[in-house]
Structure formats: structure tokens, C-alpha cells
There are 2 protein chains.
Amino acid sequence: MTHSSSSALANLGEFGLISRITAGVSPNGNVITGIGDDAAVTALSAGMQLLTSTDMLLEGVHFRRVWHDPYLLGRKSLAVSISDIAAMGGIPRWALLSLALSSDLPLDFIDDFMRGFLAMASENQVSLIGGDTCSSRSGVAISVTIMGEQYPDLIVRRAGAMPDDDIWVTGTLGDAALGLKLADDVGFGFTPSTEISIQNQGSPHTDSSPAGVEGGMQPLLSRLLDPNPRVLVGLALAEAGVATSMIDVSDGIVADYGHIAEQSGVGGRIFLEDLPLSRSFRSYTASFPAIPYQMALSGGEDYELCFTADRSNREKIVDCVEKCGIAVTRIGIVTSFSGVTVVKPDGTPYSFQTEGFNHFT
Amino acid sequence: MTHSSSSALANLGEFGLISRITAGVSPNGNVITGIGDDAAVTALSAGMQLLTSTDMLLEGVHFRRVWHDPYLLGRKSLAVSISDIAAMGGIPRWALLSLALSSDLPLDFIDDFMRGFLAMASENQVSLIGGDTCSSRSGVAISVTIMGEQYPDLIVRRAGAMPDDDIWVTGTLGDAALGLKLADDVGFGFTPSTEISIQNQGSPHTDSSPAGVEGGMQPLLSRLLDPNPRVLVGLALAEAGVATSMIDVSDGIVADYGHIAEQSGVGGRIFLEDLPLSRSFRSYTASFPAIPYQMALSGGEDYELCFTADRSNREKIVDCVEKCGIAVTRIGIVTSFSGVTVVKPDGTPYSFQTEGFNHFT
């Protein structure tokens, strides 16, 4: 789609909008009846069960239009839902998208958003099969439902962690939280391209990046604005049958492992110095008085997978995750007693202020 | 749930809210893993395909809090989605519910909303299996996804109408549109009970109902505020194999039959005097200069089923729909040439101003 028009929704109307949104949707073998009927019709693969999750994203709450270029917002809207299917070890298949839009919204915003949404869909072999559009009087609201499938025996749930299991996490933690903090401190906006462009709002001569920081803020902002759901890792772990429990890290590792612990009737110890921090994270925070571990522990929006597994499977796990091109790190052990504690190398508990976002408080 | 507290969401927090919402959800045989994991797990019945649809409802656009008592709003939020499954001849099974709520919203609102939502779910054997909650800075936003199932051969689509088929509609048309007009004219509000209570905003001695109107505004308002999805009728028609196409009437019969016509590559003639009008509709509009047919043609929110069928199936259809306790009326015929026209008894076209709501214009 290369619509250059910036005219507003009001000229297009509801059905014009739907045509515009669906113009980029290509038919797919796993869809029987897609967009355009009262309900979509699809079929599960033989022997598989249905996995379903839904997320709502609101302007001013989950995203700010000045920060999120619409292409990346489209990608992220679907990525966070796909991440839930990854966390079950499932195969993402179909998505529904509802959009509430204010009538003065530029059409370019919608075109770019859809381009991003459909790119993320295509990268994960997900088909957009339906949705809803309506007018909003107060900012953009996005609702995404994702459906996936998997054989019953391979589905990995939050419940299932056993005492003495290892606690593992993919990739690195805290990058998105640090990216958010830097964006907040520095102030930046986007050019209407798919590239992230950092604009210092102060003097053009001020570069707020510490001298010599490799890649600058870019990798941290990418983690915040363009998360990559760990579908292949989730699938590899499910197929290897090694994860006793799994969750995606959206609210910070402490809170999210906490859900595993609660639903498995166990607790856990997380080793502070084993938390995987990216090179960008380390170099950006090198001048801080202390490493801001709280961002890795509770910052949220990492969209990595946290899982537990028997100690006997360590080699198998490293093998199976790294084959997907993703690092994996043992960060703790499951305990039989309840409660999740973060411990310092000297064995004493590490206390920190939660960075995570809690709605309604 | 009989929480009497009116304290606000801010005291409860996100996880408290989720507990409160899910407190009324009862486990169900057709759910393998419900609320509380990264994704819900369900299984389709052997041989059936998956039907999926989603709807978004926004305060100030789809509903006004002063009109919709939260119990009825909860019912309607799910009812409009279930209606989409009914329109495919499907069996509704599972629902996802996302709620964006402002932090000063009284907890009673949420409790009553959920009571209504879960009552509608239970009446239709639908299980709530997941969702999302978040804070809103500007009114309530509701997103519902419904999933259902049906055997491939029984699913009824919009495409399939054949020239010379009859056009049928269940129940009566225009009641909700008239109810909306009356509510707009008269002004009314709700007591915090599940009963609709009409409060004239002018003098308490003024009764705006025409003298002798049977049941007053009540039946018309009920159609507007508490629609009843035609699941049993949809299923009966699917199982009888008699409907060549089907849609639910949410935007008015002309627009919705128009979708059937377009997708079937046909047109249609709708006979004005055959439109099914309720007794309440007729008696309420008896003093009008003319019958406001435009409400029945384009008012929207009827949530009846419009379908087409071969003439040879007339008796079978009356039988099969009336067995469900719902009236059914032949209102037109499918034409081989495109375009939908409404014709008067003298055969000339009836022209009318559209009442329907088009987002963004």
C-alpha cells in the first residue's frame, strides 16, 4: 500500500475504511472464510487444541502517538498477543483486530499501522481473519485477539514448575524499561518512516548518549517499540518436551515468574548477578551509581520467555534455544516454599523498587 | 455477586479487579484451561470448524452510561457478538472480554456489568475464557470476541442466495430504532436495578406515551437495550439445511440484505407492506402522519436473522423457526439483477431516508 493521501477518515466512511484496512490482507491456506462474513471460519489441525488470547491497547495508556510511529505500533499490537501463544508453546494462526479511531485521524496513520500489523502477521504466518472498526471520541483504541493451536501434550502452562527445577529466561531483560526511561528523559519523536529517529528536543548540539556507547539508544528503543515474540523458541521447547512451565515476561521477571510460582504452588530464588543484561544496557548504565537491576526485574515489556525445567535438561535447553538464534540463561531455582526472592551473590535478599505499571493505581 | 461497595477501582488495583471480574465465572466442561494462563485452551467438537467474531463498544459512541444500566450493558455486549455466531448457524461456545475502565468507575458498575455479561453467557452456554483489563482516561471501552463451532456442511454464509429465493426475516423490525427515538425524545434514565425504569425529565404529570398504548415504551426499549440473539433459530435453520444465505440484522434490513446480495452476486426486492412490525411499533406510531418504515428498513440494532431460501421450503421454514417460539416472515424475493429495492404495494419503489449509523461520517 502506498497511499500518499493524508485526508481524514471522515471522507472515507466506515465501509471505505474497512476496504482500506483489508486491502493488504492476502488469502491464506489456513483460512476457510476470512473477513467479510458474520464470523470467520477456520479449522484446527487434526489433533490440536485451540489457544486464545486477547489484548487491548489504548492511546495515552499503552502508547503515545508522538512516540510510536504507526508502522511500529501496528507491529507491536500484534507482537504482544503472539507472545502469549509463544508462551504456551503454540503455533500462532489467526488474528482479529478491532480499531476505534477518531474521525480526524490521517489515513496515513491507518495505512502505516496496517502495514506494520500485516508485516508482523506475515513474519509469523498469522492470518487476519476479522475485526471491527468504529469511531472514537478520544484517541485510538486497539483490540487484538490471537488464536493458535498445538497438540494437547505439547502445550506448556504456567502451572507445572517443580521444586529444584531451574528457572530460565530467553534473551536479555530490562532493555525496554531502560529504553522507556531514556525516551522519557531525552524526549524523542518519529519521522514518518519505519526507522526510529531520535530527536533531542533541546539544543541540536547536545547528544545525550554517553560517549562511546555502542549503538546508542537504538537497540534499547527497538526493544521497547518493536518487540519480537519468541515463537520459535516456545515451539522448540514445547516440541522438546523439556519446559515444566512457561510464561512471557511482560510485567517484569519477578511478577511473571511469580505467576508461575503461584499457579505451580512453589516459590523461587532469582540470582541477581545471573540476570541477562544486554551490552547496550550495560554500557548505557555504566555511569550510573549502581546497575539499575530493578529495570531487569520489574520493568516490563521484555517479551522474553521465562520457563522452568529439570536440571537434567540443561544441555538440551541451551541447544534447543540457541538453535533459534536466541540466548538463554539460567537465572534461579524453583523452591518448595512459597515466595519469590531475588538474592545477591552473598546470599542476602536484594530489595528494589518496582518499576512495573499497574493499571488503576 | 452481591458486592454493595461503591468504592472506586483505584483501591482495588489491576489484579484485584481481575479477581472480582472472574469471581462469577464457573468452570465448564468445554474449557480445558480458562482464565489465568497466557492463553486459554479449548477443543473443538470432532468434525466441527471454528467460527470467530469480535465487536468493540465504546461509551459515547455505542452506549451512554446514563441510558444503559450496567447489567443490561453487560448482557448486550455479549448478545451482539453471539448474534454473529447465530447468523452462521453456529453454536456459540467461548468468549473473551476486554475492559478499559476509568479509575473512578464505581465497583458496582463493574459487578453489575459482569452479572449481566455472565447471565447472557450462561443462557447461551458460553464460557468466558479470557480477556484483558486496563485503565482508560476517557470512558469505558469494551471488546468482546466470541468463538463458536459448527459442522462445515451446516455453516450458512452471506454468499449463497439464488435468484427467485425468498427473503425471510425473523421477529419484527424497527423496534429498537423506535425505542432509540423515543428515548431521545422523552429522556430517561435507570435506577440501579435490572429493570428498565422510564423517568420523564419534564413534569412528573406528563406521560408522553400515547393513551392506550399497550405495554407503553417498555417493549421497544427492551429491544434496544436487551436484544436476544437468535441462536436457536440459526441452529434450527442450519440443521434443516434450508437457508441458502444468512446474516444478522444489525444495520437495518436493507443494508444487511445488501451484504447478502453483494456477496451472492444477486439483488433483491423487499415488499414494504410485508415488513414485520410489532404491535408496540404499530400502536406507538399510529398517530404519526405515516408509518415510519424507515426505522424498520434502516434503523439498525434489530438483531434478527435475515436469510434466503428456495420457495419449495416455505412450510419447512415456518415450522422450524416457529418451533423456536419466534415468528418468521417472507419479506421479498432475490433477483438475478443487482441492487436492492423496496417496493410499495403498487409496485413503485419506496424511497426513504436512512436512519442507520455510519461511523466516521
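Coordinate-derived values only; no laboratory data. Note that this is a predicted model, so its numbers are computed, not measured. Here Cβ is always computed from backbone atoms with ideal geometry, including for glycine, and neighbour counts include all displayed protein chains.
In table form, for the structure just shown:
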item	result
222 nm mean residue ellipticity, helices alone, for chain A (DSSP H n ≥ 4; -39,500 (n - 2.57); rounded to 500)	-9000 deg cm²/dmol
Net charge contributed by nearby residues that have their C-beta within less than 10 Å of A:Ile253 (K/R +1, D/E -1)	-4
Cα-projected label distance for B:Ala286 with A:Glu239, points at 7 Å along beta-carbon direction, nm	7.3
Rounded to the nearest 20 debye, dipole of chain B from Cβ charges on Lys, Arg, Asp, Glu	120
From the C-alpha gyration tensor of chain B, square roots of 5λ in Å	35, 28, 16
Estimated distance in nm for a label pair at B:Asp346 and A:Lys323, the labels positioned 7 Å out from Cα along Cα-to-Cβ	8.0
B:Arg311-A:Phe337 pseudo-label distance in nm [points 7 Å out on the Cα-to-Cβ vector]	8.4
Within segment B:267-361, trypsin sites (Lys or Arg not before Pro) in DSSP loop having at most 15 other beta-carbon neighbours inside 10 Å	B:Lys323
Over segment A:9-154 - Rg/Rh using Cα atoms and the Kirkwood inverse-distance radius	0.98
Share, in percent, of DSSP beta bridges within the protein assembly as shown that are antiparallel, nearest 5	75
Under 14 Å, Cβ to Cβ, from A:Tyr293 - net charge with Lys/Arg +1 and Asp/Glu -1	-2
Given chain B, longest segment not containing exposed loop GluC sites (Glu not before Pro) (DSSP; at most 15 other Cβ within 10 Å)	B:1-194
Gyration tensor verdict on segment B:220-303 (Cα atoms; rounded if a/c is under 1.5, prolate if a/b is larger than b/c, oblate otherwise)	oblate
Relative contact order for chain B, counting Cα pairs under 8 Å that sit 6 or more residues apart, in percent	22
